[in-house]
């Protein structure tokens, strides 16, 4: 995997926990807009640490572009609250059409654990005829009514129709074993 894609993946996964919009025991539920803002903030931080620029709602109306100083586009990004399997979700099609204008594309989305294979298949088939690499970041979740309970943050690399899991970590910071966030949770799951 090219170094810059590796850097993006590592930084996004690490910075996902920074300024997390949910705090166990204080703000236990976040709205869709909170997660959209969190993704944008994480993308901005990653771009900055990579020495690149983040531009939102630009370049053919993708959610974001990450650009070099000479204005060439390194990555086009889309993120979506609804799962890839939903017919109304067109972000992957939008990225595929715009892929020639960037070195790499990035899709950030959500996948219900019970529908995960269907979502992965939808991503794989949407990218089957695209020559450029796609980085996929999926937050898996279980549903209880209308509420989502996040499980894992999974990162995939997709080249044509080959989708490879390259990284997996807990989606919630306090689920990271032996971390400072986990240390703040008592034995019965209550914040201390």
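Below is a table of values for the structure above.
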quantity: Relative contact order %, the stretch 3-183, counting alpha carbon pairs below 8 Å whose residues are six or more apart; calculated: 13 percent
quantity: Listed residues 98, 177, 64, most fluctuating in the chain (Gaussian network, C-alpha, under 10 Å); calculated: 177
quantity: Residue 118 paired with residue 93, simple spin-label distance in nm, labels 7 Å along Cα-to-beta-carbon; calculated: 1.8 nm
quantity: With Cα atoms, 0 to 90° folded angle of helix 32-49 axis to the chain main axis; calculated: 60 degrees
quantity: Residue 81-residue 48 FRET efficiency (beta carbon distance; Förster radius 22 Å; 0.05 resolution); calculated: 0.35
quantity: Residue 55-residue 33 FRET efficiency (beta carbon distance; Förster radius 35 Å; 0.05 resolution); calculated: 0.95
quantity: Projected label distance in nm at residue 22 and residue 128, using a 7 Å step from Cα toward the beta-carbon; calculated: 3.5 nm
quantity: Gaussian network model of the chain, springs between alpha carbon atoms under 10 Å - residue of 45, 117, 154 with greatest fluctuation; calculated: 117
quantity: Potential lengthening between residue 144 and residue 164 on full extension [0.36 nm per residue; Cα-Cα distance subtracted]; calculated: 4.3 nm
quantity: Residues 166, 108, 139, sorted so that the one with the fewest Cβ neighbours within 10 Å comes first; calculated: 166, 139, 108
quantity: 0 to 90° range, to nearest 10: angle between helix 3-15 axis and the chain longest Cα axis; calculated: 30 degrees
quantity: D (Stokes-Einstein, µm²/s), Kirkwood Cα radius, the stretch 3-183, 1.306 mPa s at 10 °C; calculated: 96 µm²/s
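Each reported figure results from applying straightforward, stated rules to the coordinates on display, with no laboratory input. Small disclaimer: the values here were computed from a predicted structure and weren't measured. With ideal geometry, Cβ positions are generated from the backbone for all residues, glycine too; neighbour counts draw on all protein chains shown.
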